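Encoded as structure tokens, here's the structure I'll be asking about.
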Amino acid sequence: MRVSLLAAALSAALGAGLAAQANRAAPVNQAGPIQNFKDTATLSVDAVTLDFMPAKVPFSDPRKNGKQFVRVAVTATNTGKTVFSLYHTSLALQTSDFTRHSITSSINKGNSDDRLETTKLEPGASVSGALYYEVGARESRETMHLVYDGHLGSDDKDFLFPLTPGNAAPSAPAPPKAAPAPPKPAAQPGKDLAAAVGGSLAGVWMMDEAKTRAAADGNSALLMKRVTLNADGTFLAGAGVTGKYKFDGKIFSVFYSGSPGLEKKGAIDGGWLKFPAPAGLGKFVYMKPAER
């Protein structure tokens, strides 16, 4: 009996040690503003741990079902003049098929003491914690985004944060150099984009980040920073996002490969192509053509 108890204890200790040894957090340092109606804050994705496993292995081991736990360490700071209510349920992990995963209940107070809890932040106050999700084993930092479901005024607004490394702080400016020759101007359309492109949108399109962020219906998803529209009616965006599009000279619509039966309608709005964002209905990326 003593031998069995000793073997069980050694096995548990070994399992905990291996779990702790396997957890390697990768720094991210991606930060940006978030807003919920009139309340403002900044959110920083500090680090991400793929294939996370707590020292006390949960009853439901995701590895047995081709899945993994992902730990996302974040810090939120109230930058406004009013109390900012931070709900952990407003933070989801978006995977490559645009599914948004809520925090998992498998990692809880019984096996984790650093989970981010819902809190109210006074002006200038900060809070740090971890968010835990269960996703497919093939997901990587490049295929996932942390999404804060907020509001810009009275409109829904998604704030997306990549999990790939960013810069914690700007580096010191480089010494001044001689001014380079002015770049060759891109073939930008005039006020009437429809007339400029004619009946074809084929080519490379770039996000107008300033316009997209300022627009009430804008969604500045980084994976849509550059989109290639092919002449055969297919398109390719960042992180391997693909789909099909239709344009008859007036009506523009897209079908993402992750949801082929869902038609998202865009539009030509003055000098911009309103490209339907991958996340959220009624949200768009305002795009300009690159050199054509």
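The values are calculated or read from the model by the stated rules, or taken from the named source; none is laboratory data. All of these numbers come straight from a predicted model, not from anything done at the bench. Neighbour counts run over all protein chains shown; Cβ positions are idealised from the backbone, glycine included.
Going through segment 216-241 one residue at a time, which ones are buried (at least 19 other Cβ atoms within 10 Å of the Cβ) and within 19 Å of the chain's Cα centre (by Cα)?
Here is the first cut: in segment 216-241, the residues buried (at least 19 other Cβ atoms within 10 Å of the Cβ) are 218-221, 223-224, 227, 229, 235, 237, 241.
Scanning segment 216-241 gives G218, N219, S220, A221, L223, M224, V227, A237, V241.
Starting from residues that are at pLDDT below 90 and closer than 24 Å to D155 by Cα, keep the ones in segment 277-292 and report whichever is surrounded by the fewest Cβ atoms within 10 Å (Cβ to Cβ).
If we take residues in segment 277-292 being at pLDDT below 90 and closer than 24 Å to D155 by Cα, then L281 is surrounded by the fewest Cβ atoms within 10 Å (Cβ to Cβ).
Return the residues of segment 242-276 that are part of a loop (DSSP other than H, G, I, E, B), out of contact with any Asp or Glu (no Cβ under 6 Å at 6 or more places or on another chain), within 27 Å of S140 (Cα to Cα) and touching a residue at least 60 places away in the same chain (Cβ under 8 Å); say none if nothing qualifies.
Passing the criteria: only S259.
Mind listing whichever residues of segment 282-292 are in contact with a Leu (Cβ under 9 Å, 6 or more places away or on another chain) and either part of a loop (DSSP other than H, G, I, E, B) or among the hydroxyl-bearing types (S, T, Y) (or both)?
Within segment 282-292, Y286 is the sole residue that qualifies.
So S102 clears everything in (1) over 17 Å from the mean Cα position of the chain (by Cα); (2) closer than 30 Å to P260 by Cα except one condition, right? Which one?
(1)
Take residues that are surrounded by 19 or more Cβ atoms within 10 Å (Cβ to Cβ) and charged (D, E, K, R) and tell me which of the strands (runs of 3 or more DSSP E) falling wholly in segment 55-172 contain 1 or more. Spell out how you get there, then give the answer.
Working: elements: 67-78, 84-86, 91-94, 119-121, 126-136, 145-152, 155-162.
Because the criterion is at least 1 residues that are surrounded by 19 or more Cβ atoms within 10 Å (Cβ to Cβ) and charged (D, E, K, R), the strands (runs of 3 or more DSSP E) in segment 55-172 that meet it are 67-78, 126-136, 155-162.
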